[in-house]
1. Defining a contact as two alpha carbons under 8 Å apart and six or more residues distant in sequence, what relative contact order in percent does the chain show?
2. In whole Hz and in residue order, list the ³J(HN,Hα) couplings for the range 323-330 that follow from phi through the Karplus curve 6.51 cos²θ - 1.76 cosθ + 1.60, θ = phi - 60°; x for Gly and Pro.
3. For the range 91-197, would you read off the P(r) tail past 18 Å as a percentage of all alpha carbon pairs?
4. With +1 on each Lys and Arg Cβ and -1 on each Asp and Glu Cβ, how big is the dipole of the range 25-115 about its Cα centre, in debye rounded to the nearest 20?
5. Express in % the proportion of alpha carbon pairs of the range 1-131 at distances exceeding 18 Å.
6. Test of the criteria: in the range 150-236, which chymotrypsin sites (Phe, Trp or Tyr not before Pro) are in a DSSP loop and have at most 15 other Cβ atoms within 10 angstrom of their Cβ?
7. Can you give me the long-range amide H partners of VAL66? Hydrogens built in the peptide plane at 1.01 Å from N, cutoff under 5 Å, separation of 5 or more residues or another chain.
8. If you wrap the range 1-77's Cα atoms in a convex hull and average its projection over all directions, what's the area in nm²?
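Throughout, read-outs are computed from the coordinates displayed, never taken from laboratory work. Model, not experiment: these values are computed from the prediction. With ideal geometry, Cβ positions are generated from the backbone for all residues, glycine too; neighbour counts draw on all protein chains shown.
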Amino acid sequence: MQITICGGGNAAHTLAGLTSAHTETKVNVFVPFENEERLWQAGISKNGGITVRFPDRTTTGKPNKVSANPAEVLPGSDLVLLALPAFAHETIFEQIAPYLDLGAWVGAMPARGGLDWAATRVLRKGFQKYTLFGLQTLPWACRIEEFGHEVKVMGTKAQVELAARPVEKTREVAEILEKLLGLSLLPVDCFLCLTLANTGQILHPGLMYGLFKDWQGELYQEGPLFYQGVTPDSAKVLQQLSDEIQALRKRLEDCYPCVDFSYVRPLDEWLRRSYSTDIDDPSTLETALATNRSYAGLKAPMKPVKGGLVPDFGSRYLVEDVPYGLIVTRGIADLAGVNTPMMGEVIRWSQEQMGMEFIVDGELKGKDLSATRAPQRYGIRSLESLSE
Ligand code: NAI
């Protein structure tokens, strides 16, 4: 099987090491930037491959070719894996589209919201000739130790949801990826489920809002705890965001009675399932965050300035999770006629910090809507056409 990994960061290193460790695979890497090509090639030729270091084992694999030119690495690929932030997906789809073989499987991990609409826009009619898939999140918490040489995996999620189009392919794609990557994947009915089940869209913008909405420019000497720094007020914001998504789920269940939306879980239930043994006090949403040992010590994103630290509003917790998460869900809620005042408030505050404009007068019609994956951006105007 010929595989191309697209991306040059933590996730791409993990995927490149794991997939090329199999004898029956030929793995290429498409790195979007030329400096990444040089770093990858230097690391691989010096060390002979990429080592993925898990807490209890180590796997090493050597990719066949690494290039910043898609023409050198894409043709002939059976499986193409995008391991990049969501804001790079459409650019990468555009770069790889001319070199995709018919019948190729193309997927993103993580998918974030609205991946299927972005792929359809770029691949247009040809989209019918590929299989598209997405994972609800990246299965690993991972960091590069040395470029082109070693990546450390701190943790692996117990199970991750996967959606595919055409839907009949979902199970087959899940089985192949499970074998290749040593994961447990849960096939779900459609991309809409992935879009709504993404809890990062609640936690990250919701906690940033809770921590910094009253910030007046004062300097910090140390970044505040992110998850464990949750206050009763922030917990209320998270609860309301989660409730709004559950109201939307109910409305979609009425509209699409054949689709199973049960994976779109309330935030507290998702936390208890995902971190069952790590939470000391699961009695409320606030305590489930504050006493979660997986989140111990994780700080809010900050950047240094003269004399201290300030919140980093260029962090992916806003620039990825708002336009490719919360706004996608808000766009669906608008089509569904579901009221989402807290989503509106968190987006209003976030867009101000990011210097962008998505919502104006309560409507998704700001000048930067084209930098999101809201359904309205793709000309989707009714609930019924969401899943076409
Ligand atoms: P990273 O920052 O290590 O790598 C990002 C790579 O994306 C860059 O190396 C570059 O190759 C590419 N890229 C960045 N901006 C680009 C642009 N404008 N155009 C084209 N390519 C661009 O990120 P990482 O850690 O590999 O994360 C990938 C995705 O997985 C992100 O969505 C992240 O939020 C998610 N994720 C990562 C986790 C982790 O532990 N690393 C955990 C959970 C989710």
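1. In percent, rounded to a whole number, it is 14.
2. After applying 6.51 cos²θ - 1.76 cosθ + 1.60, I find x, 10, x, 4, 6, 4, 5, 4 Hz.
3. The answer is 52 percent, as a whole percent.
4. Dipole magnitude for the range 25-115 comes out near 460 debye.
5. In whole percent, the long-distance tail amounts to 51.
6. Qualifying residues, ordered by number: TRP215.
7. HN-HN under 5 Å from VAL66: VAL29.
8. For the range 1-77, averaging the hull's shadow over all directions gives 4.8 nm².
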